[in-house]
1. So what is the 222 nm mean residue ellipticity for the chain from helices alone, if each DSSP H run of at least 4 adds -39500 (n - 2.57) and you divide by all residues, rounding to the nearest 500 deg cm²/dmol?
2. What dipole magnitude, in Debye to the nearest 20, does the chain give about its Cα centre under +1 on Lys/Arg Cβ and -1 on Asp/Glu Cβ?
3. Taking the Cα atoms of region 113-180 alone, what are Rg (to one decimal) and Dmax (as a whole number) in Å?
4. Let a ≥ b ≥ c be the square roots of the eigenvalues of the Cα gyration tensor of region 39-195; is it rounded (a/c under 1.5), or, if not, prolate (a/b larger than b/c) or oblate?
5. Using alpha-carbon pairs under 8 Å, 6+ residues apart, how would you state the relative contact order of the chain in percent?
6. Return the sequence-ordered ³J(HN,Hα) values of region 166-178 in whole Hz as given by the Karplus equation 6.51 cos²θ - 1.76 cosθ + 1.60 applied to θ = phi - 60°, using x for Gly and Pro.
7. Picking from Val104, Tyr37, Leu126, whose Cα lies most toward the positive end of the charge dipole for region 1-133 (charges on Cβ: Lys, Arg +1; Asp, Glu -1)?
8. With a/c under 1.5 counting as rounded, go ahead and sort region 57-123 into rounded, prolate or oblate using the C-alpha gyration tensor (a ≥ b ≥ c being the square roots of the eigenvalues; past the cut-off, prolate if a/b is larger than b/c, else oblate).
Amino acid sequence: MTSDVTEKDKRDQLQIANKPDDVAVLVNKQNKLPANYTPSDLVEPNVPFIFKEKEERRLMRKEAAKALEELFNAARKDGIDLAGVSGYRSFDSQKSLFTYYISVQGEETARQYSAEPGHSEHQTGLAMDVSDTKGTCAAEDCFADTPHAKWLDKHAPEYGFIIRYPKGKEAITGYNYEPWHIRYVGTDIARTIQREGITLEEYHQRKTELTKK
Ligand SMILES: [Zn+2]
């Protein structure tokens with residue numbers, strides 16, 4: 001993947017994910033996906049969405065899509081009706097979105113919640129933004145106060161998902177608290193992250209330290 005590393009990447013000390021298909025892949029401001037990475041197993045989960053259009057943002061990788069269906073079914077049994085807001089996003093879609101946010105909000109503000117193309121978890125096909133079925137507080141701070149957010153915080157790891165950008169971890173994740181952005185990592189890792197109260201960044205950090213010992 002050396003051809004993906006540009007001179008600018010080297011200056012910024014960027015890491016290129018060498019296993020972009022790994023469900024534990026770390027994608028953040030320092031770690032990017034290989035150029036033009038597209039998951040090969042994108043499918044549409046059979047769950048409600050807050051929009052009718054047949055768009056790429058319905059998609060997730062197969063394993064994550066199945067887990068999302070199980071998560072939503074379990075929530076419904078507890079009286080919590082969830083809907084998908086935004087899943088897979090291609091490099092090009094992220095590029096348009098990021099450019100748009102910068103034009104509206106300015107670069108500094110935009111960077112607190114939007115990723116540069118190649119740096120969005122949505123490009124992995126393992127992330128989904130969720131809300132209630134009416135789309136109330138979809139991708140907005142007020143989602144934090146809903147029973148939906150509380151249910152997800154407690155139960156998402158049982159189905160392999162983590163709240164990727166938790167409150168109080170902004171300095172580590174590089175993003176504001178996003179109670180609606182869930183990321184599939186598989187049940188083992190999700191449960192560890194929940195139990196230890198850590199982020200995916202810290203999980204990877206610990207793993208690296210263990211292999212050094
Ligand atoms: Zn998101």
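The values are calculated or read from the model by the stated rules, or taken from the named source; none is laboratory data. All figures in this text were calculated on a predicted structure; none of them were measured in a lab. Virtual Cβ from ideal backbone geometry, glycine too; neighbours counted across all protein chains shown. These accessible areas exclude ligands, DNA and RNA; they are computed on the full protein's heavy atoms, side chains included. Shrake-Rupley method; radii C 1.70, N 1.55, O 1.52, S 1.80 Å.
1. Working: 8 runs with 79 residues, N = 213.
It lands at -11000 deg cm²/dmol.
2. Working: 31 positive and 35 negative charges, 84 e Å.
That gives a dipole near 400 debye.
3. 12.1, 33
4. Working: a/c = 1.44, a/b = 1.26, b/c = 1.14.
Taking the square roots of the gyration eigenvalues as a ≥ b ≥ c, region 39-195 is rounded.
5. Working: 365 pairs, mean separation 39.8, N = 213.
Relative contact order of the chain: 19 percent.
6. Per residue, the Karplus-derived 3J(HN,Hα) values read x, 5, x, 10, 4, 5, 8, 7, x, 10, 4, 4, 10 Hz.
7. Tyr37
8. Working: a/c = 3.57, a/b = 2.04, b/c = 1.75.
Prolate is the answer for region 57-123, as a/c is 1.5 or above and a/b outweighs b/c.
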